[in-house]
1. Identify, please: which residue in the range B:123-150 is more than 9 Å from chain A (Cβ to nearest Cβ) and under 15 Å from residue A:110 (Cβ atoms) and is, among those, surrounded by the fewest Cβ atoms within 10 Å (Cβ to Cβ)?
2. Cβ-Cβ under 6 Å, sequence separation 6+ or interchain: first residue in the range B:52-74 and closer than 20 Å to residue A:114 by Cβ and facing another protein chain (nearest Cβ under 9 Å), partner surrounded by fewer than 15 Cβ atoms within 10 Å (Cβ to Cβ) and not small (Gly, Ala, Ser). Which pairs?
3. Got a number for residues in the range A:15-52 being of a type in the set (Gly, Ala, Ser) and more than 10 Å from chain B (Cβ to nearest Cβ)?
4. Can you tell me which residue in the range A:117-151 is modelled with the lowest pLDDT, limited to those that are more than 7 Å from chain B (Cβ to nearest Cβ) and part of a helix (DSSP H, G or I)?
5. What about residue B:316, is it within 14 Å of chain A (Cβ to nearest Cβ), aliphatic (A, V, I, L, M) and not in a helix (DSSP H, G or I)?
6. Go over the candidates B:299, B:293 one by one and state the one that is in contact with a Ser or Thr (Cβ under 6 Å, 6 or more places away or on another chain), in contact (Cβ under 8 Å) with a residue 40 or more places away in the chain, within 25 Å of residue B:322 (Cα to Cα) and among the hydrophobic types (A, V, I, L, M, F, W, C).
7. Looking at B:117, B:111, B:98, which one is surrounded by 24 or more Cβ atoms within 10 Å (Cβ to Cβ), within 9 Å of chain A (Cβ to nearest Cβ) and either under 19 Å from the mean Cα position of the chain (by Cα) or not acidic (Asp, Glu) (or both)?
8. For the range B:231-249, give me each residue that is of a type outside the set (Asp, Glu) and surrounded by 15 or more Cβ atoms within 10 Å (Cβ to Cβ).
Amino acid sequence: MVLSGTEADIINTVARLKEATKDQIRRKVGFSPEYIEFLCRYLVRKGYLTFSNGRYSLARAEMKTQFTEEPKIDKELIKEIVNEAVKEISGELKKTASGIKIKTGFEFPVEDESLALESNIDKIGAKVEKEKSNIDRLIQLFRKIKKKGGRDD
Amino acid sequence: MTKGNKEKEIECLKAEMQKGKGVDIGTVFVKCAYMEGEEIMFRSERNAFFEVEYSGFTKKIFDESKIKYIIKDDKFYVVGDAALQFANMSNKETRRPLSKGVISPTEKEALPMVELLIKSVVGEPRYQDEIVYFSVPGEPLDADFDVIYHIKTVEGFLKTLGYTPRPINEGLAVILSELADKNFTGIGISLGGGMVNVCLSFISVPIFKFSLIQAGDWIDQQVASVTDEAASRISAIKESSIDLSKEGGLNKIENALSIYYKHLIEYVIEHIKQEFNKIGGMPSMADPVTIVLSGGTSLPNGFSQRFKQILDQLKLPVPAGSVRMAAQPLRSVAKGALVAASAEEVKL
């Protein structure tokens, strides 16, 4: 399998750190946490990485020689990790995370992995229940309120 | 406007209201609500699976007996209600694609399983880009994880199916379903298996919303550990026979369930108090705040009375009004999501 540049970057990062959380990988490689997680899961499925206790590591030890072409000690990354640890201890990280509202609408591409499964679920069908609807009144009232002020979910 | 035009408008409005779907993506069940004529239809599936040994014969028997299964990588999984029955028979635990309200990080099979279960319940969109509101948990106060990955994954999957997905907080969905008589003002609490979700809303605008990971599964695990039973068995007893209004004559399991239910209720109320204190006051409300309870963990007989008793002891920083059960506690999240979806679909 030919790896993309980002996938190779992820493996390099994991090889250098021996074990890395999703956030550590993201800070080194870039992109959103969702996209990094997506790629990591893909690399786990393809047998490059393993995932345990929230950390990724190389699935095969010999891969280290294949991917660790960069200097073995990455001072910048170490500095970043130490800074993060200090922030975590002081609680600063949590404050920053909760204080910022993400406004961009990132679309996360999701494959339908269920297509690969064999199942009789559709043949049997889901459990179906019915109830007499009183929903018109609820919808009208909700629309009226939304028109007046809007709902901010 | 003439009478004929008005009638036409009502007919159009009714037709528009048939559009849209609401989905409750819970740790224990996935449930979808949609309108069909004058009725709301609910399609649901238990979110659990259990691995059994594979053979062609087993598959044939399962097909004939209408036991739902999934085959993945040569492994054979019973899914839905039957998974719970199989687990109970072998005194083992079912596996869950969702854990603590979100896609389980420890289950390798989780994502395709969730996708299949959602697909079987939600079905194809009835027209391109049909709006579907899906329930999402609030940020957990008692756990160190966020819900972003879960939301984005479900959203992306519904989009793949051809829907226009929109997230709605689970507690708010309960309010939309149950508190129209209070102008969607009050506290909606959804007590599920993996999470308790709470939302305080003022005329449909959330003031605070949060989740807690001490919920139904937590009760099962605690009771299982003190009674030396499997959590799946405790869950089955909890769902079928526990009566919280009974004071005496309880067996060991019932007694333990009663203790942990009390603990859970107190835990939820203390967190609500804490959130009230954080916002430092309330929007001016003419009436005391109504609390509505829903979800599978709220089902035992006597649950709302016990909640009220403990609330009276602990007291909120605002006047509390009635504590009431949702009309259909297992359907209110999906129904509330449907209200939001249909309201958005109505273009008139």
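The values are calculated or read from the model by the stated rules, or taken from the named source; none is laboratory data. What you are looking at is a predicted structure, and each value in this text was computed from that prediction instead of being measured. Using ideal geometry, Cβ is built from the backbone for each residue, glycine included, and neighbour counts are taken over all protein chains shown.
1. B:150
2. Here the result reads B:71/A:118, each pair linking the range B:52-74 to a residue that is surrounded by fewer than 15 Cβ atoms within 10 Å (Cβ to Cβ) and not small (Gly, Ala, Ser).
3. Looking only at the range A:15-52, we keep the residues that are of a type in the set (Gly, Ala, Ser), and these are A:15, A:20, A:30, A:32, A:47, A:52.
Checking the rest, the ones that are also more than 10 Å from chain B (Cβ to nearest Cβ) come to A:15, A:20, A:30, A:47.
So the count comes out to 4.
4. Result: A:148.
5. Values: within 14 Å of chain A (Cβ to nearest Cβ): no; aliphatic (A, V, I, L, M): yes; not in a helix (DSSP H, G or I): yes.
No.
6. Details: B:299 fails: in contact with a Ser or Thr (Cβ under 6 Å, 6 or more places away or on another chain).
Answer to the check: B:293.
7. Values: B:111 fails: surrounded by 24 or more Cβ atoms within 10 Å (Cβ to Cβ); B:98 fails: within 9 Å of chain A (Cβ to nearest Cβ).
Among B:117, B:111, B:98, only B:117 is surrounded by 24 or more Cβ atoms within 10 Å (Cβ to Cβ), within 9 Å of chain A (Cβ to nearest Cβ) and either under 19 Å from the mean Cα position of the chain (by Cα) or not acidic (Asp, Glu) (or both).
8. Within the range B:231-249, the subset of a type outside the set (Asp, Glu) is B:231-238, B:240-242, B:244-246, B:248-249.
Hits for the range B:231-249 are B:231, B:232, B:233, B:234, B:235, B:236, B:237, B:238, B:242, B:244.
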